[in-house]
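First comes the structure, then the notes that go with it.
Please treat every number below as a calculation from the coordinates, not as lab data. Just so it is clear, the model here is predicted, and its values are computed rather than measured. Using ideal geometry, Cβ is built from the backbone for each residue, glycine included, and neighbour counts are taken over all protein chains shown.
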Protein chains: 2
Amino acid sequence: MKLVMLARTDLAMSRGKMAAQVAHAAVLAALSGLGTADFATWLEQGQPKVVLKVGDANELRRLAEAGKQAGLPISLVEDAGRTQLPPGTLTCAAIGPAEDRRIDAITGDLPLL
Amino acid sequence: MKLVMLARTDLAMSRGKMAAQVAHAAVLAALSGLGTADFATWLEQGQPKVVLKVGDANELRRLAEAGKQAGLPISLVEDAGRTQLPPGTLTCAAIGPAEDRRIDAITGDLPLL
């Protein structure tokens, strides 16, 4: 089991800002997963997390849609726009928690952040 | 209200590895906070998150202890050591969610990541 976060690398975000967006996606995924068997198994396994790079908003939307079509839990993060980005900027998505192979079928060839 | 993550910058972690540690701390904080008034308020406010730098494990432990003494929720992340770090390495902490001024009293002069 794992939770994968997809982070856009084409935005002018500091390392800390990007980490906060990834954290936001992870918290959304955790709150959505509460009470499900996949979430419980993932927690027991120590909450494995991987962060992958996506090149732009279109790629992020395409992958999120593919995950949704495959029945995977998807959480999207739009930045509130208080600091470094315009309000509503799509920055990050979480896919899972779910079995590795189901996520890999969607995100397989993306590089690690 | 905010949730603050403190991330060590003295470890050899990639940007993605660090984001995953920060996300881990945020998920632990969210799961610990479930059902509390502070957590509910923080969610309503859009889950504000800030990531700050700490220089080493001693500084991280000292700040976490100070937060605990001040009655703040503290979550510590020790890496499982599967990839870039030795097992059990303390990488990150979350303080909150709590009122800004209560967290600032502990973390006030730390720089943004």
Original post:
Using a basic spin-label model with each label point 7 Å from the Cα along Cα→Cβ, how many nm lie between A:E78 and A:T36?
Top reply: 2.2 nm
Original post:
Hey, what do the phi angles of the stretch A:10-18 turn into as Karplus ³J(HN,Hα) couplings, whole Hz, using 6.51/-1.76/1.60 and θ = phi - 60°, x for Gly and Pro?
Top reply: 9, 9, 7, 10, 5, 4, x, 4, 5
Subject >> Other protein chain Cβ atoms within 10 Å, averaged over every residue that makes up A:10-18 >> reply: 4
Original post:
Full extension from A:A70 to A:D56: what is 0.36 nm times the residue separation minus their Cα-Cα distance, to one decimal in nm?
Top reply: 2.9 nm
Original post:
For label points placed 7 Å from Cα toward Cβ, what is the shortest-first list of nm distances from B:Q69 to its copies?
Top reply: 5.7
Original post:
How far apart are the A:D56 label points across copies, placing each 7 Å from Cα toward Cβ, in nm, shortest first?
Top reply: 4.6
Original post:
Each residue of the stretch A:51-61 in turn: what ³J(HN,Hα) in whole Hz from Karplus with 6.51, -1.76, 1.60 and θ = phi - 60°, glycine and Pro shown as x?
Top reply: 10, 10, 8, 10, x, 6, 5, 5, 5, 5, 5
Original post:
In straight Cα distance, which aspartates and glutamates are under 15 Å from B:K68, not counting same-chain residues fewer than 8 positions off?
Top reply: B:E59, B:E99, B:D104
Subject >> Label geometry 7 Å along the beta-carbon vector: A:D109 inter-copy distances in nm >> reply: 5.2
**OP:** Note down the relative contact order for the stretch A:1-88 as a percent, whole number, built from C-alpha pairs under 8 angstrom at least six residues apart.
**Re:** 41 percent
**OP:** Could you rank the peptides A:101-107, A:13-19, A:50-56, B:40-46 by their average count of other C-beta atoms within 10 Å per residue, with the highest value first?
**Re:** A:13-19, A:50-56, A:101-107, B:40-46
Original post:
Which ³J(HN,Hα) values, rounded to whole Hz and listed in residue order, are derived for the stretch A:83-98 from phi using the Karplus coefficients 6.51, -1.76 and 1.60 in 6.51 cos²θ - 1.76 cosθ + 1.60 with θ = phi - 60°, glycine and proline given as x?
Top reply: 10, 9, 10, x, x, x, 5, 6, 10, 7, 9, 10, 10, x, x, 7
Subject >> Residues of type aspartates and glutamates that A:K17 reaches as a straight line, Cα spacing below 15 Å, ignoring anything fewer than 8 places off in the same chain >> reply: A:E78, A:D79
